[in-house]
Structure formats: structure tokens, C-alpha cells
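Enquirer: I have a structure here, written as C-alpha cells, and I will follow up with some questions on it.
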Amino acid sequence: MTPDRLERIYAFALRLYPEPFRVNYAPAMLQTLRDARADGSLARGALTRLIVADLVTSLAKEHLSMLRDTFGRPALLFNAFVLAGISTILALALYAIPQQVLRQGANDPQIEMVTNLAVHLNKYGVSDGLRQGALTTYGSATVDMANSLSPFLIVYDDEGRALGSTAQLDGQTPTPPAGVFDYVRSHGQERVSWQPRNNVRIAAVVERISGAQPGFVLAGRSLREVEAREGQVLKMAGVAWFGMLGLILLGTIAFGWFTRPKTA
């Protein structure tokens, strides 16, 4: 490589530096190259390798410094973090509000079913009410809890033993945890997400039966479709969140670039 060609390439490479650095130091760097060539203490190949190594190192260093000065300003970072925090809260709200609406809506029509059956059994007694066909009056035919989306009814005695049911799971009538019955004894009603076995989740409403023959009425239905919709809401909220963060990032980069410190 001829000396003139090396100098032209070096002068072109100096244009890759950030403008403030280039304006202040490019002439001196070019003169340093000329002095090194004139000195002759280094072979041309060794000088070329030294120049290339210095260019790569200093270019990376100066561009990182420029990025730090451009985008590392406290006010710019503070605003970006605040906007990111607001977008995160908004995305959480976009998920939490529909999710709660869907989950609370999953308690219908169980609330009506359990209330009507409890009133009937309180009036006529559990044994007589079941003999009169109250379960089928206020419920439906036998429901397979693992596969059906239909609501069902189960009546338990005061000890939590099943007395009658329109639901079956693996050929049996399941029973919720004892803590549910303990809570209903004190509060009258409970609304829970019940998982009688893996992959079976139920929106259950349990109400107390008082009177001479106390017990409990449980109405439930599968949460499968509701939870599928909750998953769709989560995906949409996630897309919205990433979209907002992307806009904040682009806006921060654009604002930082156009308001970067200018050459004096």
C-alpha cells in the first residue's frame, strides 16, 4: 500500500468518528500518521497493523462515549423509566380488569342455583327436598365434571359427606377441602376456584343450609373456557406492553439523538 493511499484511507476512516471528536482531533491524528511515516522507525506493515488496531479501539470507545453522553443523561433516563413504569402498570390493568370480570362472571349461574336450592332445602328439609327431586328441579342431568361445561349441584351433610349430586368425576362425587366448609359455617357462603384433580378446575359457590338438618349446597361449573379466554387476554396485554415499551424506546432514542450536545 502506497503512503498516499494509506493516508487517504486513514482520512476517510476518521469520518467514522463522532462529529465533536472528529472536529477536535482528526487533524492532529492525521498529522500523527504523517509524522510516523516520516519517522521510519516502524516497518510499513507494522505501522499499518498499529493504525488499524488503534482505529478499531478508539472508534468503539468514542462511539460508546457518544452514546453515553447522548442517551445517558439523567433526565432522559428518568423520563424513560417513568414511562416504562406507567406502561407496565397500564398493561397489568389491561390484564387484571378483564381477568377479574371473566372470573367473577364464571360464578353465574351458580349463585342463583345455589341460593334457590338452599332456600328450598331450608324450607322443606334436606331429606324431603332431595326426595322431591330438588336437584333436578334447580340443576340439570348428570354432568361429567372433567368434560362438560354445564353447571351442576351437590348437596353435603354437615360433616361434608355427599347426600345428592348431579355431577360425577371419575365415577364418584368429589368433596371440596374441609376448610371450605369451615369458612361457610362462619360466613354463610363462599366462592372458590376448586381443583378436585389435575386439569379439572371448577368455579364453585358453596352456601350453608341451616335448620334442623344443616348441611351445604355446592353449585359449580368448569373454568376451562374461562381460563382459555384469560390466556387470550394475557397475550393481548403482553403484546400491548411490548408495543408500549417499544414506542418508549424509539421515542427515547429519537429525543436523545435530536437533543444531543452539539459541537461548539
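The values are calculated or read from the model by the stated rules, or taken from the named source; none is laboratory data. Since we're looking at a predicted model, the values are computed, not measured. For neighbour counting, all protein chains shown are included, and Cβ atoms are generated from backbone atoms with ideal geometry for every residue, glycine included.
Enquirer: Take the range 120-147 and flag every residue that is at pLDDT 95 or above and surrounded by fewer than 17 Cβ atoms within 10 Å (Cβ to Cβ).
Expert: Residues satisfying the conditions are D144, A146, N147.
Enquirer: Out of the residues in the range 190-216 that are farther than 13 Å from S150 by Cα and among the aliphatic types (A, V, I, L, M), which is surrounded by the fewest Cβ atoms within 10 Å (Cβ to Cβ)?
Expert: A212
Enquirer: Any residue in the range 149-161 that's under 13 Å from S127 (Cβ atoms): show its pairings with residues that are among the β-branched types (V, I, T) and modelled with pLDDT under 95 at Cβ separation under 9 Å, as long as the two are six or more apart or on different chains.
Expert: Every condition considered, the pairs that remain are V155/V126; D157/V126.
Enquirer: Can you find a residue that is assigned to a helix (DSSP H, G or I) and surrounded by 13 or more Cβ atoms within 10 Å (Cβ to Cβ) anywhere in the range 217-226?
Expert: yes
Enquirer: Something else: How about the range 172-214: which of its residues are small (G, A, S), at negative phi and not in a strand (DSSP E or B)?
Expert: A178, G179, S186, S210, A212
Enquirer: For the structure I just gave you, tell me whether V180 is within 31 Å of the chain's Cα centre (by Cα) and under 27 Å from R131 (Cβ atoms).
Expert: Yes, satisfied.
Enquirer: Before we move on, is L14 surrounded by 14 or more Cβ atoms within 10 Å (Cβ to Cβ), without any contact (Cβ under 8 Å) to a residue 60 or more places away in the chain, closer than 30 Å to T252 by Cβ and not acidic (D, E)? Even if it seems obvious, please write down each step before you answer.
Expert: Values: surrounded by 14 or more Cβ atoms within 10 Å (Cβ to Cβ): yes; without any contact (Cβ under 8 Å) to a residue 60 or more places away in the chain: yes; closer than 30 Å to T252 by Cβ: yes; not acidic (D, E): yes.
Yes.
Enquirer: Among the residues that make up the range 252-259, is at least one of them more than 16 Å from M145 (Cβ to Cβ), modelled with pLDDT under 95 and not in a helix (DSSP H, G or I)?
Expert: yes
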